[in-house]
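> I'd like to ask some things about the structure below.
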Amino acid sequence: MPEDFTSVLKEKRIFKPSKEFSGNAHIKSLQEYKKIYKKSIENPEKFWAEKADQLHWFKKWKKVLGSNKDFFKWFEGGKINVCYNCLDKNIAEGKENKVAIIWEAEDGQTKTYTYSELLQEVSKFSNVLKAHNLKKGDRVCIYLPMIPELAIAMLACARIGLIHSIVFGGFSSESLKDRINDCNAKLIVTSDGGFRNGKIIPLKENIDRALKGCPSVKKVIVVKRCKNKISMKKNRDCWFHDEMSKPKIDDTCKAIEMDSEDPLFILYTSGTTGKPKGVLHTQAGYLLYVYQTFKWIFDIRDDDIYWCTADIGWITGHSYIIYGPLSNGATSLMYEGGLTYPHPDRFWRIVEKYKVTIFYTAPTAIRALMRYGDKWPKARSLKSLRLLGTVGESINPKAWMWYYNIIGNKRCPIVDTWWQTETGGILITPLPGATPIKPGSATLPFPGIVPEVLRENGSKTNVDEGGYLVIKKPWPGMLRAVWHNPKRYEKTYFGKFKNTYLAGDSARKDKDGYFWIMGRIDDVIKVAGHRLGTAEVESHIVSHKAVAEAAVVPIPDKIKGQAIYAFVTLKKGIKATDNLKKDIIMHVADNMGHIAKPSKLQFADDLPKTRSGKIMRRVLKEIAKGTKEYGNIATLADPSVVKILEKRVIK
Ligand code: WT7
């Protein structure tokens, strides 16, 4: 990690919310937070039951939290529907004409959906899915750009008990294939393409290539977005607009009663080894958790215009573009296109145009925009903003100060929210009207959450001593399974410390109990906030015909936080050329996606390995960074490899 991105704090000031902000906030002071927190952990079941009463239930639960081996089951005996809570409930409460989704296309076109319009579209699409014979529990893979049909498709699945598995549009055909096959999706919703920075991303083509190896898929529904030429396979592919306008497709559809612990969605994410894992979230607990966190952390009010810049293909978009905001009856903005397209003020123009009040983005985006200078945001009116947020990685103090001073005009609190795909929602975060903020720290746990920092032997660390970040008590939004892989679930999350959730991050806790996240402890690389597994990237490099072996490690990157550095050995007799290097990099982009492209690739005759043949990534990391703090390398089968690699390192 570069110096700038570690937890070493150069900004020592503490930023308190203004009286005005606190006075109007849901949680108004640190004292109030502490009181709620104390109660929430003394009696979590009571705390969560009170909150769950605010949701709509077809049938009330029997038990808030299961015990013993069922310790992660929430609200069993209850019947609920997530889509109903996001749409029908708001309509019943008088919000039928309130805007649910504002969509800004990359070309500047706007489309809005009120709650009742959205319900109508969602109901129609639920009926389309039913017409294709999909039944409760079937998996639907959604591979779409950031267009309203993405929101419609996921809510339609939720309405009739189908499990969605959304694959980020930045992933390509091979990654798609793995994800589709792992969950045996029956149907795919995609589009003819997506716009990004003025170019068209060939989503349907990627699907066509992937489907050569996906026997479970029977139907592909294609949204027309780009009007580009694609091929439609007879009896398999059909157009979204054709399906939606069939006379037999009714515009009402009953939301079915789901058990609290029925699956809601699968979302694939990277881990230490092998293929990505299908993180499974269920109905009631997930909904409650994103509902409550969204309400308090974003301090939502009826007149807010809320914008989260994430892609719905990641958990941030699931929880805080769709399920959290809509279950609160909020107005959520969705933006289709590129960060700086056509100019570096695109984000600020959107804030100005829609009078965005709450803005949630990633440190990598802040750093990228900061680079273009203050003139871009300064030329736009950002006075509607009242609250800012970040997610995805720690924010370095310099970026924090720019965000605070230039974007928030020193008025807006910043919530630095720590969480993961697995956690469903935000776990460690300021509450904006209550928590004094230390830039770079995600601060304190959300009510009901009990994080701790542990040593290898399971004992608690001292103040400021780094260790394993864990969560000691279950919470409603936690993952319930790794899809069809209970062993991996147990081992990854509960294998190190008994009955304690292992986050996979290192952290320290300061004297005020504030948490400072220090980075991943496993082989996960966060490239521009996107979570990538070294194993998956390596397998795509190795699938190139010239490659014998590959190892990838993170290197610091000023904008992206981390970038990928690849060491590659070639098959015997193949010459290392610049063209081959480019070809391998393009191969990764084609098969896995552009986000996974190594930014540097070094050819190597040999990699540092232990005597048992294990690649020592720790050593490669040091070589790539040029820091040379190898520690003990006596265990290497051939220590001379290190010097050779050092000499050819790409700076
Ligand atoms: C990993 C999870 C949760 C939504 C986006 C990422 C890192 C996330 C923070 C933060 C420091 C953070 C952690 C975590 N991370 N938020 N505020 N400060 N690090 O979800 O793709 O599952 O990645 O992102 O390393 O383990 P994800």
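> Hey, any idea what the orientation-averaged projected area of the convex hull of the range 413-566's Cα atoms comes to, in nm²?
Spelled out: convex hull of the Cα atoms, projected over all directions, averaged, 11.2 nm².
> Can you order the peptides 505-513, 158-166 by their average number of other Cβ atoms within 10 Å per residue, highest first?
The most tightly packed comes first, giving 158-166, 505-513.
> A further question follows. Go through HIS544, HIS530 and list them by solvent-accessible area, largest first, probe radius 1.4 Å.
Per-residue accessible area, sorted high to low, gives HIS530, HIS544.
> Here's another thing I want to ask about it. As a test, work out the antiparallel percent of DSSP beta bridges whose residues both lie in the chain, rounded to the nearest 5.
60 percent
> Still on this structure: Between their Cα atoms, which of LYS609/LYS647; LYS275/LYS621; LYS472/LYS560 are more than 26 Å away from each other?
Going by Cα-Cα distance, LYS472/LYS560 fall outside the 26 Å limit.
> Summing +1 for each Lys or Arg and -1 for each Asp or Glu, what net charge is found among the other residues whose Cβ lies under 15 Å from the Cβ of TYR354?
+3
> Looking at the range 89-207, what % of its DSSP beta bridges pair antiparallel, to the nearest 5?
Antiparallel bridges: around 50 percent, rounded to the nearest 5.
> Moving on to the next point. With every atom except the alpha carbons ignored, what do you get for Rg and Dmax of the range 6-134, in angstroms?
That works out to 21.3, 60 Å for Rg and Dmax.
> So, one more: Just tell me which lysines come within less than 21 Å, Cα to Cα, of LYS28; anything on the same chain fewer than 8 places away is out.
Filter leaves LYS16, LYS19, LYS38, LYS39, LYS51, LYS295, LYS410, LYS438.
> Can you pull the one-decimal nm distance between simple spin-label points at ILE644 and ASN485, each 7 Å off the Cα toward Cβ?
It is 3.4 nm.
> Same structure, new question: Cα convex hull of the chain: how many Å³ per residue?
Convex hull volume per residue, Cα atoms: 157 Å³.
> At 7 Å along Cα-to-Cβ for each site, give me the label-to-label distance between LYS572 and ASN462 in nm.
Result for the modelled spin labels: 5.6 nm.
> Using only alpha carbon pairs under 8 Å that are at least six residues apart, calculate the relative contact order of the chain and give it in whole percent.
Contact order relative to length: 14 percent.
> Starting from the residue with the highest accessible area, list LYS575, LYS375 in decreasing order, probe 1.4 Å.
Accessible-area ranking of LYS575, LYS375, largest first: LYS575, LYS375.
> Now for a different question. Report, for the range 543-641, the % of DSSP beta bridges that are antiparallel, rounded to 5.
About 75 percent, rounded to the nearest 5.
> Further question on the same structure: Give me the percent relative contact order of the range 236-325, please, defined on Cα pairs under 8 angstrom at least 6 residues apart.
With pairs under 8 Å counted, the relative contact order is 21 percent.
> Between ASP251 and LYS111, with labels modelled 7 Å along Cα→Cβ, what's the label distance in nm to one decimal, could you check?
So the label points at ASP251 and LYS111 sit 1.5 nm apart.
> Once you sort the root eigenvalues of the Cα gyration tensor of the range 410-490 as a ≥ b ≥ c, which label holds: rounded (a/c under 1.5), prolate (a/b larger than b/c) or oblate (the other case)?
It comes out oblate by the Cα gyration axes.
> In nm, what is the difference between 0.36 nm times the number of residues separating ALA637 and SER384 and their Cα-Cα distance?
Answer, rounded to one decimal: 85.0 nm.
> Which net charge results when you count Lys and Arg as +1 and Asp and Glu as -1 among the other residues whose beta-carbon is under 11 Å from that of LEU30?
Net charge in that neighbourhood comes out at +2.
> Could you work out Rg/(2.2 N^0.38 Å) for the range 220-305, with Rg from alpha carbons only?
That ratio works out to 1.62.
> Something else about it: Treating the Cα atoms of the range 237-286 as identical point scatterers in vacuum, please give the log10 of the normalised Debye intensity I(q)/I(0) at q = 0.14, 0.27 Å⁻¹, two decimals.
Listed by q, the Debye log ratios stand at -0.69, -0.93.
> For the range 1-132, what does the relative contact order come out to in percent, with C-alpha contacts under 8 Å and a separation of six or more?
Relative contact order for the range 1-132 comes out at 12 percent.
> Please say if the range 65-174 is rounded, prolate or oblate, where rounded means a/c under 1.5 for a ≥ b ≥ c the square roots of the C-alpha gyration tensor eigenvalues, and otherwise the choice is prolate for a/b larger than b/c and oblate otherwise?
Taking the square roots of the gyration eigenvalues as a ≥ b ≥ c, the range 65-174 is oblate.
> Compute the distribution of all C-alpha to C-alpha distances in the range 455-513, in bins of 10 Å from 0, and list the percent of pairs in each, rounded to whole numbers.
That works out to 21, 48, 25, 6, 0, in percent per bin.
> Additional query: Let a ≥ b ≥ c be the square roots of the eigenvalues of the Cα gyration tensor of the range 113-171; is it rounded (a/c under 1.5), or, if not, prolate (a/b larger than b/c) or oblate?
Because a/c hits 1.5 or more and a/b fails to exceed b/c, the range 113-171 counts as oblate.
> May I have the extent of the alpha carbons of the range 171-249 along their three principal axes, as whole Å values ordered from largest to smallest?
Per principal axis, max minus min of the Cα coordinates gives 35, 34, 18 Å.
The values are calculated or read from the model by the stated rules, or taken from the named source; none is laboratory data. For clarity, every value in this text was computed on a predicted model and none was experimentally measured. A quick note on method: Cβ atoms are made from the backbone with ideal geometry, for glycine too, and the neighbour counts reach across all protein chains shown. Remember, those area values only see protein heavy atoms, side chains included, never the ligands or the DNA or RNA. Shrake-Rupley method; radii C 1.70, N 1.55, O 1.52, S 1.80 Å.
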